[in-house]
Structure formats: C-alpha cells, structure tokens
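Trainee: Got a structure here, written out as structure tokens. Questions coming.
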Amino acid sequence: MPTTQRSKKSNWQTAIPLVSVAVPMLILDWITKWLVQIHITQITEVIPIIPGFFNLRHDRNTGAAFGVLAGHRILLILITLAALAFIFAYYLRFKESRWMQISLGFLLGGAIGNFIDRIRLGEVVDFLQFGIASKGLFWPTFNIADVSVCIGAGMLIVYLFRNRNENYQS
C-alpha cells in the first residue's frame, strides 16, 4: 500500500476513539434535552426522582456554567468556536494517545451539544438538579453536555499532570 494511503488510514483510525465518544455523547445530550422539552413543558417545572436529593427540572440557561456571562450569546458562541479549535489542535498534537482521544471526544461531544442549543434556541436546556431540599441547597441545573465536558476536562487534566515532563520537552 502506498505511504499516502497508509497515513490517511492511520489518521482516520486515530480519530475513531474521539468520534466514538463524541457522537454518542452528542446523541444522548440531544435525546435527553428533547425528552425534557416534550415531557416537562413548563420552564422550572420539577419532577422529583429521588425526593429531596435529585430532580428533573426544566431550566434554560443563557450563560455558561453557573450562569456566567448570561445574556452574552455571541460571546459564548465565539468562546465555543475557540474551544473547538483547541480540541482539534490537541487532537493533532496528541492523536496517538487513546486517553487523549477519549478525553477530547467527551469535550467535543459536550461542546457541540450546548453549541447547538445556543444557535437553535439562544439558550441551553438544563434539567439535572441535585441538592438537599430540606436545606434549600441545590447545585445549579445542568445537562449531559455539561457532564461530558467535565469528564473530558478531568481526563485532560489527569493526562497533562501525569505527563507534564514529556509535554514540555517537545
């Protein structure tokens, strides 16, 4: 097989872990948000799952995590585009690492999931709510895309920390 065909196949093969994490996370995020919008039609409506601890609550967030930059849709879209560029740059740099491929897959799936909401709705659909109801303490609602981004960021931090000496030599 000529070298160009082999390298193209190799490049596609290194993307398989990234794609096989990003696509299911994106689909799961989209399906769960769709189900929330269909079955919990009133914004802020709550369905207790584990009473006093875990609810499904239909919320909308015009900001980023914890409502940061609320109402700055264009800025958040630009930040997401920069994050996507970061993901692809890291993909090119670390494409031989399965750990990084999976990490970047989680980041990619989550980033695109919330990006689609921002473009389509102007806000992000959130619905997972945890807290201690008796004390009135609740973590801000979030969604599967947020979970995916957190997993990916955590994996990225672990990789960079564990390989910090190697990463600065190149």
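Trainee: Taking the Cα-to-Cβ direction at ILE16 and at ILE31 and moving 7 Å from each Cα, how far apart do the two end points lie in nm?
Mentor: 2.3
Trainee: So, one more: GNM, the chain, Cα, under 10 Å: largest mean-square fluctuation among LEU35, LEU104, LEU26?
Mentor: LEU35
Trainee: With a length cut of 20 Å (Cα positions projected on each helix's long axis) and a Kyte-Doolittle mean of at least 1.0, go through the chain and give me the DSSP H helices that pass.
Mentor: Passing helices, by number: 73-94, 144-162.
Trainee: So for the stretch 74-170, what percent of the C-alpha to C-alpha distances run longer than 16 Å?
Mentor: 62
Trainee: Once you keep just the Cα pairs under 8 angstrom separated by 6 or more residues, what percentage relative contact order results for the stretch 39-137?
Mentor: Once normalised by length, the contact order is 36 percent.
Trainee: For a bin width of 5 Å, list the pair-distance distribution of the chain built from all Cα-Cα distances, rounded to whole %.
Mentor: Pairs per bin, as whole percents: 2, 8, 15, 17, 17, 14, 11, 7, 4, 2, 1, 1, 0, 0.
Trainee: Of the residues ASN55, ASN114, ASN143, which exhibits the maximal mean-square fluctuation in a Gaussian network model of the chain defined by a 10 Å Cα contact cut-off?
Mentor: ASN55
Read-outs: derived from the displayed coordinates by stated rules, not from any lab. Since this is a predicted model, take the numbers as computed values, not measurements. Cβ: placed from backbone, ideal geometry, glycine included. Neighbour counts: every protein chain shown.
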